[in-house]
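Since the structure comes first, as structure tokens, the remarks are kept for the end.
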Ligand code: HEM
């Protein structure tokens with residue numbers, strides 16, 4: 001079933017958080033939500049849905065009134081005690097550990113968030129990003145070498161997933177000899193490695209980074225991993241090994257699938273629109289504007305929750321302490337009050353970089369420069385090494401009747417598979 005199978009009036013009956021079929025094309029539902037105003041309380045879980053750009057930005061900014069503790073969990077986790085009182089901040093502090101992802105940076109609030117984020121930002125310095133970008137150019141070539149001579153690839157698994165994974169591994173200074181094990185464990189790659197097998201990706205990351213950090217603290221070397229292991233908090237204190245390990249592991253969760261989905265969107269549009277492809281090939285300086293439009297039009301992260309600490313009002317809706325507010329960047333980025341002709345891809349959009357595909361405020365994506373660089377390098381290299389890039393009709397059907405499969409998760413937007421064909425150069 002697709003969105004077009006639903007009459008607009010059916011949306012009344014639909015529980016968005018369970019309507020997997022709608023995630024193949026969420027935009028008609030977004031517009032239906034918008035017809036109720038920029039903010040609307042849906043009836044199934046009482047979640048406050050925010051499709052308005054200005055209203056979403058206001059909440060992203062307001063860490064006093066809204067907590068990030070439920071950023072991923074939303075209203076779907078039971079709290080051990082009821083929300084009572086005018087300000088539930090105390091209840092949040094006492095029980096936030098029961099929520100999923102409570103050990104991960106995106107769910108922290110200031111002041112803990114401020115200290116841990118500062119630690120992370122010591123790793124993503126301009127110098128480190130420059131070195132990482134040099135690695136990206138080399139890695140892009142190696143990835144393309146794996147399939148170029150075939151004249152076709154399944155882009156998501158042959159390129160986007162391993163590329164985005166290995167870029168983060170390099171950023172963190174994972175030794176090159178260990179990188180195949182990361183690929184195998186985190187992506188089910190079947191190439192053999194000599195490392196021990198662990199079959200839970202998070203457990204694998206936790207084990208590896210705990211070992212790296214303990215080892216580098218015992219025997220410092222002149223390498224990136226040692227700088228990661230020995231970086232202090234802003235107050236000068238040395239973090240627990242667990243804190244550093246969690247920050248490193250979280251980068252894979254936050255930065256891999258998201259960027260892989262952005263790359264999938266970009267290559268789909270490049271394959272679908274030969275005139276756009278030619279323009280970008282002729283003028284690579286337009287690639288960054290293209291990246292921003294892809295982030296705006298098909299935001300890889302489609303939603304983040306916030307928990308209201310106190311009563312407030314947002315876009316005409318009363319909010320009570322304990323309400324889950326669902327910020328919807330995928331919808332807010334098409335808010336016609338903010339973006340003219342919002343559904344169109346326009347490389348000359350004057351406010352193109354104002355999209356909130358990377359969020360906003362203190363939790364603004366820490367890896368945004370990295371994701372932008374990955375998108376640029378990948379596109380530029382693929383253009384250099386192919387004469388043209390086309391969508392496989394055998395896999396996706398002819399133009400006008402394409403079949404694409406999107407991830408059936410309401411928090412994410414991206415293709416599961418993208419079969420491309422191309423003419424290799426050289
Ligand atoms: C196109 C790719 C990406 C998109 C669309 C994206 C999107 C986002 C968004 C919307 C947030 C804010 C979440 C919130 O407010 O609750 C976020 C946070 C974050 N992102 Fe990204 N991200 C991407 C790539 C990356 C990469 C490559 C990395 C690092 C390797 C990364 C690391 C993080 C981290 C650590 C946070 C948490 C920041 C904090 O809570 O202070 N992201 N991302």
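The values are calculated or read from the model by the stated rules, or taken from the named source; none is laboratory data. Computed from a predicted structure; not experimentally measured. All Cβ positions, glycine included, derive from the backbone under ideal geometry; neighbour counts span all protein chains shown.
Observations on the model:
- In the range 60-70 there is at least one residue that is assigned to a helix (DSSP H, G or I), surrounded by fewer than 20 Cβ atoms within 10 Å (Cβ to Cβ), at pLDDT 95 or above and within 13 Å of the ligand (Cβ to nearest atom).
- Residue within the range 29-41 that is within 16 Å of the ligand (Cβ to nearest atom), crowded, with 20+ Cβ neighbours inside 10 Å and either within 18 Å of residue 307 (Cβ to Cβ) or over 20 Å from the mean Cα position of the chain (by Cα) (or both) present: no
- Residue 303 vs. criteria in contact with a strand residue (DSSP E or B) (Cβ under 9 Å, 6 or more places away or on another chain) and within 17 Å of residue 360 (Cα to Cα): yes
- Scanning the range 169-183 for residues that are part of a helix (DSSP H, G or I) and closer than 17 Å to residue 229 by Cβ gives 169, 170, 171, 178.
- Selected residue [more than 14 Å from the ligand (Cβ to nearest atom), without any contact (Cβ under 8 Å) to a residue 60 or more places away in the chain, part of a helix (DSSP H, G or I) and over 24 Å from residue 26 (Cβ atoms)] from 394, 380: 394
- Any hit, the range 352-367, residues being more than 11 Å from the ligand (Cβ to nearest atom), in contact (Cβ under 8 Å) with a residue 24 or more places away in the chain and either farther than 17 Å from residue 267 by Cβ or within 24 Å of the chain's Cα centre (by Cα) (or both): yes
- Residue 297 passes every criterion in (1) more than 15 Å from the ligand (Cβ to nearest atom); (2) free of Cβ contacts under 8 Å to residues at least 60 places away in the same chain; (3) under 30 Å from residue 392 (Cα atoms) apart from (1).
- Residue under evaluation residue 88, criteria (1) away from the ligand (no atom under 16 Å from the Cβ); (2) crowded, with 21+ Cβ neighbours inside 10 Å; (3) under 27 Å from residue 357 (Cα atoms), criterion not met: (3)
- Residue in the range 317-327 that is away from the ligand (no atom under 16 Å from the Cβ), on the phi > 0 side of the Ramachandran plot, modelled with pLDDT under 95 and not in a helix (DSSP H, G or I) present: no
- Selection count, the range 280-308, where residues are within 26 Å of the chain's Cα centre (by Cα) and in a loop (DSSP other than H, G, I, E, B): 5
- Across the range 149-159, the qualifying residues are those that are touching a strand residue (DSSP E or B) at 6+ places or on another chain (Cβ under 7 Å) and assigned to a helix (DSSP H, G or I), and the one among them that is surrounded by the fewest Cβ atoms within 10 Å (Cβ to Cβ) is 149.
- Screening the range 136-148 for residues that are part of a helix (DSSP H, G or I) and surrounded by 16 or more Cβ atoms within 10 Å (Cβ to Cβ) and picking the one that is farthest from the ligand (Cβ to nearest atom) gives 148.
- For the range 335-349, the criterion of being in contact with a strand residue (DSSP E or B) (Cβ under 9 Å, 6 or more places away or on another chain), without any contact (Cβ under 8 Å) to a residue 40 or more places away in the chain, away from the ligand (no atom under 16 Å from the Cβ) and on the phi < 0 side of the Ramachandran plot is met by none of the residues.
- Selection within the range 71-84 - part of a loop (DSSP other than H, G, I, E, B) and either within 9 Å of residue 99 (Cα to Cα) or within 25 Å of the chain's Cα centre (by Cα) (or both): 71, 72, 73, 77, 78, 79
- When residues of the range 91-135 are limited to those that are in a loop (DSSP other than H, G, I, E, B) and at pLDDT 95 or above, the one nearest to the ligand (Cβ to nearest atom): 108
- Among the candidates 148, 129, residue that is under 22 Å from the mean Cα position of the chain (by Cα) and in contact (Cβ under 8 Å) with a residue 12 or more places away in the chain: 129
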